[in-house]
Structures are given as C-alpha cells and as structure tokens.
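Worksheet: one structure, shown below.
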Amino acid sequence: MARENFNDLQAFLLVAKEGNFTRAAAQLGISQSALSHTIRGLETRLGVRLLTRTTRSVSPTPAGERLMLSLGPRFEEIEAELAALSELRDKPSGTIRITTAEHAASFVLWPKLAKFAESYPDIAIEINTDYRLTDIVAQRYDAGVRLGDQVEKDMIAVRIAPDLRMAVVASPSYFAKCPPPVTPHDLAGHRCINLRLPTYGGLNIWEFEKDGHVLKARVEGQWTFNSSPPMLRAALAGFGLAYLPEDMATAHIAEGRLQPVLQDWWMSYPGYHLYYTSRRQSSPAFALVVEALRLR
C-alpha cells in the first residue's frame, strides 16, 4: 500500500479502539466529518467495509477486526522504536500511559511521579483510573497497575508498593447509634457502604483473615459507589461502615473522625505492581518511570 495511506490506517485503528468517531476525531485534532471521509476513502481503496456504524456506536467488521489484530501490534512496535530514539537526545521524552485504580493513582503513583515529573519535563504522563482489569495491549497502554496476585503470568511485573491492608471504619456518630461489630458475622446487622466492581457488575465482597482462616462477607447498606473516595466521604458523614485501604483512613483515624473496628480480622494483599509487556523495555522514558516507581 502507498506510504501516504499510513495515516488512514492509523485513523482506522483509533476509531476501532475508541468505538466512537467523535472521540477519535478529537484525539486526531480533525473534524468528525473529515475523519468519516478518511475512513470511507480507506474502505473504498481496500474494497471492503471495515466498520459497522450505528447511531450509538462503531464496531469493526470481521475484515476490520482482522486488520486491527494485524496492524495494531506493528504500529505499536514502530512507535516504541521511535520513542527509543530519545536516547540520542540530551533528555528522554515521550508519553507514558498507565491504567490503574483510583487508590493506587492517588497514594502510590502521584507521590512518586510528581517528584519525577519535575526532573523530566519532556516526559508526559497520562494516568487513567479504572477498576476494570484492563487489557493494556488491546487498549494501548504502556503499563498497568494491579495488586500482585492479579497480574497475568505473561507480563513483566515490578513491585511498587508494600502489602495492602483493608480496614473497616465508621464515624463516631455512626457508633453512637450502633454498637461496633465484634466479628465479621456482626456486619449483617450494620449499614455498610458498598463498592460496585465494573468488571463483573457485582458488589465487592469484604474479605477477612484471622489465625489462617479466611472469611468472606456480603454486606448491605443504603449507599453504593464505584470508587473509594466517595465511600470514604460517606463513612465520614456517618452513613455506615466502609471497607477501605488502610492508608486512606489513617489520618482520619488519628484525628478521631473515623473509628477502626475488627482490626484482628483485617486482610492483607500483595502490594501494587506495575506490569507491562517486554517490548516496552526499549523506551528510555519508560525505563525511567519504572525505576521511579520501583519499591525500595
């Protein structure tokens, strides 16, 4: 295919990834109509339809799916090699995209990368928060962050945080109306603040451990959220018990705004790990980010 058509192929890959012409056009810095014209021209030259368009979504046809699977990794390899050329510059540069959950973004990535960014102004960092177990290859992220036991075996994993312990807390105003639970079984009589997980659409199960015995509890309450910061706000406001990473509650416990319960049962998990595919090792900017995040 002629070299001048490479931009058409990249435009197609972006539309297929986003599933939306408007978002893809915004990223490319062109109008939606211009992008639609580009895709139609590509389909005409190839003699095959690549995208199925509806009023609400865009999805690849079988031919488009084949083209995505074939071209996507090749363009990623080209981008990685171009990024590696920054070794020839005085300062590494490029954009590093990381997907992670909100807690890791706030309590692990931000404290470390805020200092890092001051030293490397030519390295741009994009952090997307999502509780989904994102496929970083399909979504074209450079890396993801998950708890250690959630990282797939074919990924390179670098530990970036100590073990994570989950705390159960509520406000003193809540306990003024309800006696604190003594065991996890007592949670059935309490109002609990739930977290809905997007990957499976279900509510997060509260896990506990004591003397080697693991106990899982399904809890109920008036409030359900899809991220942890509003759960913390609801607990501070006296709406019930919250199951949160301990470091989110530490300062509030010290200042008396939250009261911990069931401490003997709090569960620990392998700490956060940065994970990525082997081909990301070729980028100097990415290597610097990895070292900045590595747990020491």
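The values are calculated or read from the model by the stated rules, or taken from the named source; none is laboratory data. Everything numeric here is computed off the predicted structure, so don't read it as measured data. Every residue, glycine among them, receives a Cβ derived from its backbone with ideal geometry; neighbour counts consider all protein chains shown.
Restricted to region 46-65, and to residues that are outside any loop (DSSP other than H, G, I, E, B) and hydroxyl-bearing (S, T, Y), which residue is nearest to E18 (Cα to Cα)?
The residue in question is S59.
Please enumerate the residues belonging to region 231-248 that are within 17 Å of L187 (Cβ to Cβ) and assigned to a helix (DSSP H, G or I).
Across region 231-248, the qualifying residues are M231, A234, A235.
Return the only residue of L244, L262, L232 being over 30 Å from T99 (Cα atoms), touching a helix residue (DSSP H, G or I) at 6+ places or on another chain (Cβ under 7 Å) and in the same structural domain as P172 (by TED's automatic domain parsing).
Step by step, each of L244, L262, L232 is checked, and only L262 is over 30 Å from T99 (Cα atoms), touching a helix residue (DSSP H, G or I) at 6+ places or on another chain (Cβ under 7 Å) and in the same structural domain as P172 (by TED's automatic domain parsing).
Against the definition (modelled with pLDDT of 95 or more, in a loop (DSSP other than H, G, I, E, B) and under 28 Å from the mean Cα position of the chain (by Cα)), how does V169 come out, yes or no?
Here the answer is no, as V169 does not meet what is asked.
Residue under question is T95, and the condition is that it be under 30 Å from T250 (Cβ atoms), touching an Asp or Glu at 6+ places or on another chain (Cβ under 9 Å) and in the same structural domain as A287 (by TED's automatic domain parsing); does it hold?
Spelling it out, it is not the case that T95 is under 30 Å from T250 (Cβ atoms), touching an Asp or Glu at 6+ places or on another chain (Cβ under 9 Å) and in the same structural domain as A287 (by TED's automatic domain parsing).
For region 190-223, which positions are buried (at least 16 other Cβ atoms within 10 Å of the Cβ), part of a strand (DSSP E or B) and β-branched (V, I, T)?
If the condition is that a residue be buried (at least 16 other Cβ atoms within 10 Å of the Cβ), part of a strand (DSSP E or B) and β-branched (V, I, T), then I193 is the only one that fits.
Considering only region 207-227, how many residues are in contact (Cβ under 8 Å) with a residue 40 or more places away in the chain and under 16 Å from Y131 (Cα atoms)?
Counting residues in region 207-227 that are in contact (Cβ under 8 Å) with a residue 40 or more places away in the chain and under 16 Å from Y131 (Cα atoms) gives 2.
Could we say that P245 is of a type outside the set (D, E) and surrounded by fewer than 16 Cβ atoms within 10 Å (Cβ to Cβ) here?
Against the criterion (of a type outside the set (D, E) and surrounded by fewer than 16 Cβ atoms within 10 Å (Cβ to Cβ)), P245 does not qualify.
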